[in-house]
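The values are calculated or read from the model by the stated rules, or taken from the named source; none is laboratory data. Source: prediction; values computed, not measured. Cβ placement follows ideal geometry from the backbone for every residue including glycine, while neighbour counts extend to all protein chains displayed. When the accessible area is computed, the model is the full protein with side chains, heavy atoms only, and any ligands, DNA or RNA have been set aside. Shrake-Rupley method; radii C 1.70, N 1.55, O 1.52, S 1.80 Å.
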Amino acid sequence: MKRPSIRDRLLAWTTFVITLIMAVAGTLLYNSVKRSLYSQHDLLLNEAATLVLIEVKAKNGKVHHEWKASLDSASRETGKSMIQVWDLESGESVKSATLGESDLERQYGKLGERVFYNVTFPNGEAGRAVGILTYPVVENMEQNEGFVPGDHPQVFVWADSTQELRDVLIKTKRAFVAAGVAVVLLSAIAIWLIIYLSSLAVQSFSADLLSREGTEIGEPVPVPDRLPSEVAGMAGKFNALLARIDHYREKDQDFFLNVAHEVRTPLAGVKAVIEQALRRPREVEDYQKRLREALDSTENLVRLTDRLMEFGKLRNARESMVRITLDLNTLLEGVLEKFRSRARERGLRFKGEFCRKAELGTDEELLKIVVNNLVENSVTYAAPNTVIELKTSRTEGMIEFKIQNEYSNPEGLPDDLDVFFDAFYRNDKARDLGANNIGIGLSFCKEVMLVLGGQITASKSSAHGLCFTVSLPVNGHAVD
Amino acid sequence: MRILVLEDYPPLRSSIVECLVEEGYAVDSTESGDEGLWYVRNHVYDVALLDIMVPEVSGLEILKKLRSDGNSVPVIIISARDTVVQKIEGLEVGADDYLVKPFSLDEMLARVRVQIRRRNEKKSPLISVGDLVIDTATKTVQRAGRAIELTRKEYLLLECLAFRNGEVLSREDIARQVYQDYEGGTSNVVDVYIGYLRKKLHIDGLPNIIHTKRGHGYFLSEP
């Protein structure tokens with residue numbers, strides 16, 4: 001899938017927005033110029049019409065059109081202006097010679113009111129006209145006795161070609177479009193340059209990233225000063241992520257080193273026992289004794305590898321979980337029963353405080369692993385002749401199980417209790433494979449709890465008091 | 001020669017101890033760091049084999065304490081920790097050698113012998129005292145060019161005197177170095193073995209090479 005490019009998007013969208021702004025602004029400006037030019041044209045039209053209007057006069061009791069002779073001669077030369085005057089009473093009209101057989105369109109308003117409108121001349125040219133309702137001018141009443149101006153309303157229409165005006169507007173429009181295109185192009189180039197220059201640091205940073213070797217994962221990526229703040233922030237987060245990855249890689253590496261270490265010792269035992277057996281001829285019983293010792297060591301190895309396999313399988317355990325409804329108290333009592341005799345040997349006593357309803361939906365086998373480990377650890381490491389306290393409680397949506405005991409190590413508890421969950425951590429760093437203490441029990445529990453959607457934590461209850469708390473969702477689904 | 005073995009994995013510890021004993025070394029062994037520290041502080045050893053991950057006090061801690069006490073006993077670390085960093089850490093704390101598990105018992109024995117020679121400032125496995133030549137690698141003895149057959153105990157006793165050429169060793173010192181289960185006392189077993197040795201070395205009228213310092217002990221020197 002082709003990923004969208006921020007640079008391309010930025011360029012496209014900014015260009016689009018500038019084009020839009022230029023188009024709207026240009027149209028508004030053009031219309032304003034157009035209105036202004038037409039308005040000016042109408043003004044001139046009105047002035048000319050007003051001047052000619054007085055040439056519609058009453059002479060000898062008739063309407064006389066003085067304008068016609070002079071206009072016809074002028075129009076013949078220019079052909080630009082045309083006049084037509086209608087006598088509303090007789091319905092007859094007088095018009096410029098240039099009109100020929102054609103008539104102008106007639107529009108008018110109240111007396112003296114100027115009505116402007118567009119017209120088309122007989123030759124097809126566009127023009128602008130003003131229509132005025134008027135009365136003939138009576139200059140000498142004596143010569144026009146009996147002539148009542150109100151009886152001869154005239155509609156005076158003056159029309160002018162607007163071809164020049166249109167030419168100007170077309171030129172203006174072209175200039176606007178050219179200017180708009182130029183602005184858009186220049187803006188796009190400027191934006192592209194800005195983006196390109198700004199992205200140089202990003203490109204160099206990304207080239208640095210690509211050139212990194214697999215072995216350099218843990219090292220933070222150097223963030224150049226010129227890197228934009230937005231990317232620098234992201235780079236910072238990336239470096240934090242690298243640090244986290246490195247931390248987990250180190251943990252994994254430690255885990256494998258520890259595995260190798262734990263395997264080597266029983267292996268060294270097997271090798272030494274066999275080598276020593278073969279150093280000289282021996283009695284059959286002696287050989288058998290040594291073979292048994294080698295077998296014991298290999299069984300330790302088998303146990304260790306089994307646990308490691310289980311540990312590995314947990315990664316896929318979520319898919320194969322069998323969730324049932326079970327009572328934690330019942331499960332706990334079963335586990336306690338299993339360890340009761342061992343606890344008695346060390347003078348340990350269980351003290352339980354169980355809540356009334358401890359039902360939850362979870363995988364019984366996985367939960368049993370956790371509870372088994374915690375109880376076994378307590379029985380193994382609690383100070384002799386002390387009490388191991390167990391408590392279950394129910395809060396909203398969660399079931400909690402606590403197990404608390406006096407820690408037997410005289411050096412006390414480590415400052416960071418999370419080390420208990422590190423694979424191969426042991427309380428006295430001793431190797432005691434014979435007692436099943438391989439050192440991955442709590443690490444295993446942590447993995448199991450992740451699969452079950454709960455969590456396990458360790459806390460200090462006193463200077464030597466150690467408490468493990470297991471929290472599980474009642475319905476078997478993780479709670480945020 | 002007395003050796004301390006500190007190793008908490010029982011099958012490995014017992015094999016190492018048995019191998020060393022069969023080679024004629026007197027061996028003390030323990031699985032506990034505390035006990036190991038006590039042994040090495042209260043006894044004289046020719047070599048100490050220390051595991052690092054042992055209960056209570058780690059092998060490295062014991063080594064640090066020994067060196068800060070001024071104890072220069074040769075220490076060979078036996079550990080499953082095999083990274084360069086871990087080896088460097090062990091050697092820098094004061095170990096003389098580092099053996100990674102699993103190892104061959106023959107290699108371990110060879111390294112032990114090297115440490116014993118180094119402790120006694122012998123670069124060659126051959127020790128010469130006058131016309132007496134002891135090959136510590138093959139555990140053979142010659143006097144005036146003639147091979148002398150010795151029992152294991154006789155050889156160990158002679159080697160013990162030869163390493164400390166000219167130095168007077170008390171009966172207890174000799175017994176502690178030679179006998180695996182020596183726990184002190186006034187047994188005359190050392191005197192008996194010295195007698196045997198003198199007889200075997202006194203060939204063709206050659207002069208006595210093992211001398212007695214009355215009230216102190218025995219020493220080996222040219223006639």
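Assorted remarks:
- A 1.4 Å probe run over the protein assembly as shown, with the rest of the protein chains in place, finds 53 Å² accessible per residue.
- A straight line joining the Cα centroids of the stretch A:163-193 and the stretch B:115-171 runs 110 Å.
- For A:LYS59, distant residues with modelled amide H under 5 Å away: A:HIS64
- The percentage of C-alpha pairs in the protein assembly as shown whose separation is greater than 41 Å is 63%.
- Peptides A:89-97, A:387-395 ordered by average Cβ neighbours within 10 Å, highest first: A:387-395, A:89-97
- Computed label-point distance, nm, for sites A:LYS251 and A:LEU186 using a 7 Å Cα→Cβ extension: 5.9 nm
- Residues whose amide H lies under 5 Å from that of A:ASP363, counting only those 5 or more places away or on a different chain, are A:ILE324; hydrogens are built 1.01 Å from N in the peptide plane.
- Model label sites at B:LEU126 and A:LYS62, defined 7 Å from Cα along the beta-carbon direction, differ in position by 16.6 nm.
- Shielding value for A:451-458 is 0, the average number of Cβ atoms from other chains within 10 Å of each residue's Cβ.
- Filtered trypsin sites (Lys or Arg not before Pro), the stretch A:215-305: DSSP coil and at most 10 other beta carbons within 10 Å: none
- Summarising the label geometry, the points placed 7 Å from Cα in the beta-carbon direction at A:VAL94 and A:ILE6 lie 8.0 nm from one another.
- Distant-in-sequence amide contacts of B:ILE78, defined by a placed amide H-H separation under 5 Å and a gap of 5 or more residues or a different chain, comprise B:LEU50, B:ASP51, B:ILE52, B:LEU99.
- Efficiency of FRET from Cβ geometry, A:LEU209 and A:ARG35, R₀ 45 Å, rounded to 0.05: 0.15
- For the stretch B:159-223, alpha-carbon Rg and Dmax in angstrom: 11.9, 38
- Of all accessible heavy-atom area on the stretch A:229-314, the percent that carbon and sulfur account for (1.4 Å): 62 percent
- Counting, for every residue in B:90-101, the Cβ atoms of other protein chains within 10 Å of its Cβ and taking the mean gives 1.
- Euclidean distance of C-alpha centroids, the stretch A:122-154 and the stretch A:44-68, integer Å: 6 Å
- Taking each DSSP H run with n ≥ 4 as -39500 (n - 2.57) and averaging over every residue of the protein assembly as shown yields -16000 deg cm²/dmol at 222 nm.
- The listed residues A:VAL375, A:VAL148, once ranked by accessible area (1.4 Å probe) with the largest placed first, stand as A:VAL148, A:VAL375.
- Chain A, relative contact order [Cα under 8 Å, separation at least 6], %: 9 percent
- Gain in span if fully extended, A:LYS110 to A:ALA240, counting 0.36 nm per residue against the direct Cα distance: 38.5 nm
- When only Cα pairs below 8 angstrom with a gap of at least 6 residues are kept, chain B shows a relative contact order of 16 percent.
- Magnitude of the charge dipole for the protein assembly as shown, about its Cα centre and with charges confined to Cβ atoms of Lys, Arg (+1) and Asp, Glu (-1), is about 1680 debye.
- R0 of 56 Å, Cβ-Cβ distance B:VAL44-A:SER459: FRET efficiency to nearest 0.05: 0.70
- Solvent-accessible area buried by pairing A with B, both sides, nearest 100 square angstrom, 1.4 angstrom probe: 2200 Å²
- Sequence of A:ILE189, A:ILE369 when ordered by accessible area, the most exposed leading, probe 1.4 angstrom: A:ILE189, A:ILE369
- For chain B, the longest principal axis of the C-alpha atoms and the axis of helix B:33-42 are separated by about 30°.
- Sequence-distant contacts, meaning Cα pairs under 8 Å at least 6 residues apart, place the relative contact order of the stretch A:229-314 at 30 percent.
- Accessible surface of the stretch A:30-108 [probe 1.4 Å, protein heavy atoms]: carbon and sulfur percent: 49 percent
- Dipole magnitude of the stretch B:106-178, debye to nearest 20 (Cβ charges: Lys/Arg +1, Asp/Glu -1, about Cα centre): 160 debye
- If R0 is taken as 35 Å, the Cβ-Cβ distance between B:GLU89 and B:GLN180 corresponds to a FRET efficiency of 0.60.
- Residues of the stretch B:1-40 that bury at least 40 Å² of accessible area once all protein chains are present, compared with their chain alone (1.4 Å probe, heavy atoms only, ligands and nucleic acids left out), are B:ASP8, B:TYR9, B:PRO11, B:LEU12, B:SER15, B:GLU18, B:GLU22.
- The local environment of A:GLY127, defined by Cβ-Cβ distances under 13 Å, has a net charge of -2 under the rule Lys, Arg +1 and Asp, Glu -1.
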